[in-house]
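The values are calculated or read from the model by the stated rules, or taken from the named source; none is laboratory data. These figures come from a predicted structure and were not determined experimentally. Cβ atoms come from the backbone with ideal geometry, glycine included; neighbour counts cover every protein chain shown. Calculation scope for accessible area: heavy atoms of the full protein, side chains included, ligands and nucleic acids excluded. Shrake-Rupley method; radii C 1.70, N 1.55, O 1.52, S 1.80 Å.
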Amino acid sequence: MLEFLLCSLITILPDFLGRRYLQGKRWGHEITFFSMWYELRWGITACVLLTVALITLIFYYHPSTSNASPFFRTVTMLPEGGGRVDEVFVENGQLVAAGDPLFALEESSQLAAMEVAKSKIMELDAGIKLAEAERAAMRGLVAQAQGSLDQAENELRLKVELQERDSGLVSPREIQRLQNSVESRQGALSAANANLQAVQAQLDSVLPAQRASAVDTLEQTQVEVRKTTIYAGIAGRVAQFLLQPGDYVNPILRPAGLLIPVGGVESGLVEVQAGFNQLAAPIVKPGTLAEITCMSKPFTVIPMVVVRVLDVIPAGQLRPADNLLDIQVRAKPGTLTVAMEPLYEGGLEGVFPGTKCLANAYTFNHDALAAGNLGLGEYLFLHMVDAVGIVHAVILRIQALVLPVKTLVFGGH
């Protein structure tokens, strides 16, 4: 309507003035509602064509959307395993910092497993001390066997020397007995060394490995005990949290509540996301100026700037399934996803995350015009594009005024 009124000022109005003052036709006589089309047909036709051209020009170079909102992330409060609630540390709506405890689950089974792991470590420590005592005993047996072997070898050597000097002094039977004794004591020494090596292997490999495994089991049980207390991963506000001691929570079927971040981009206090028509893709770029008005902050227009444009259209996303995709299922076109930030610091103060917003983006050719290297036609066209942007700015401000009335009066809210 605003575009039609503007266009009528240079089409229908001059046509009427010409017929009134040049042709002498008067309103209510020659010009009536019934003869209006015939008398003002040139002005009406030109007005309609100019209005359509102006609307196309405005909406293409200065796109708008009613699909804009400062989205925010929610974090589900979930334990890593199911369990019954033992203690609750926070209340619904409370602000928490990162690392604050939220609630705790019953930990009796985890504590029992931890005690078993501690007992296993104590048992292995006692086994290590016993093995050390056995090693000392085995070393004594080795020394005893070595001494017996040395004694038998010395005695055998002495008897052999005596036999070599005088064969009648030592009988061959005695030499054979001493050789058997040496071999027997060598076997005893080997057995003692084998027992010592077995005990040493227990101390060097088996028992330390078993103790390390028991320590790992203890650490695992301690981790399981710590998992029974759920902590806040980020700073935020607790929402939909009605948990009470005795309730059962499960990471799949029964979440405990939500945590809404209070800082950063994910809080909805820094950026506004908007979905523009796909035809706006060549126009809306990072750095494009924009404006928004939101329901949670009525009668206010907030200057914005585009900081990021998603380079895909969400309607084209494809997930493998067992049914072949029919293109007509995706007949509804998707939108161009755009992220905007306030042009000035504190621009989103008072705007609630998740609120409904209207957004305009504006083509700005000031730099190209100031460069002075454009032809006359292009210079006039870009001037016209920048000039008609004021129409969309006026429309947004009218929408900001009408939005509360439209919602409260005509929307029944």
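Every test in (1) open to solvent by 30 Å² or more (accessible area, probe 1.4 Å); (2) in a helix (DSSP H, G or I) is passed by residue 373 save one, and that test is (2). From the list 396, 401, 382, 408, the lone residue that is open to solvent by 80 Å² or more (accessible area, probe 1.4 Å), in contact (Cβ under 8 Å) with a residue 12 or more places away in the chain, part of a helix (DSSP H, G or I) and not basic (Lys, Arg) is 401.
Scanning the range 59-73 for residues that are touching a helix residue (DSSP H, G or I) at 6+ places or on another chain (Cβ under 6 Å) and either small (Gly, Ala, Ser) or over 14 Å from residue 290 (Cα atoms) (or both) yields a total of 2. Can you tell me which residue in the range 91-125 is farthest from residue 256 (Cα to Cα), limited to those that are open to solvent by 60 Å² or more (accessible area, probe 1.4 Å) and of a type in the set (A, V, I, L, M)? The residue in question is 122. Find the residue count for the range 237-270, including only residues that are at negative phi and either within 17 Å of the chain's Cα centre (by Cα) or of a type in the set (A, V, I, L, M) (or both). Adding up the residues that qualify gives 19. Residues being open to solvent by 50 Å² or more (accessible area, probe 1.4 Å), without any contact (Cβ under 8 Å) to a residue 60 or more places away in the chain, within 21 Å of residue 364 (Cβ to Cβ) and touching a strand residue (DSSP E or B) at 6+ places or on another chain (Cβ under 9 Å) are entirely absent from the range 310-324. Of all residues in the range 325-343, those satisfying the criterion of being surrounded by fewer than 10 Cβ atoms within 10 Å (Cβ to Cβ) and not small (Gly, Ala, Ser) are 326, 327, 328, 329, 332.
Quick check on the range 360-413: of everything there that is at pLDDT 85 or above and hydroxyl-bearing (Ser, Thr, Tyr), which residue is nearest to residue 68 (Cα to Cα)? Applying the filter and picking the extreme gives 362. Among the residues of the range 233-277, the one identified as surrounded by 16 or more Cβ atoms within 10 Å (Cβ to Cβ) and of a type in the set (Ser, Thr, Tyr) is 267.
Does the range 141-153 include one or more residues that are in contact (Cβ under 8 Å) with a residue 12 or more places away in the chain and outside any helix (DSSP H, G or I)? Within the range 141-153 (the criterion being in contact (Cβ under 8 Å) with a residue 12 or more places away in the chain and outside any helix (DSSP H, G or I)), the answer is no, since none of the residues qualifies.
One residue stands out among those in the range 290-308 that are among the hydrophobic types (A, V, I, L, M, F, W, C) and over 9 Å from residue 340 (Cα atoms): the one that is most open to solvent (accessible area, probe 1.4 Å), which is 299.
Whether a residue is part of a helix (DSSP H, G or I), surrounded by fewer than 17 Cβ atoms within 10 Å (Cβ to Cβ) and under 44 Å from the mean Cα position of the chain (by Cα) was assessed, and residue 133 does not pass this test.
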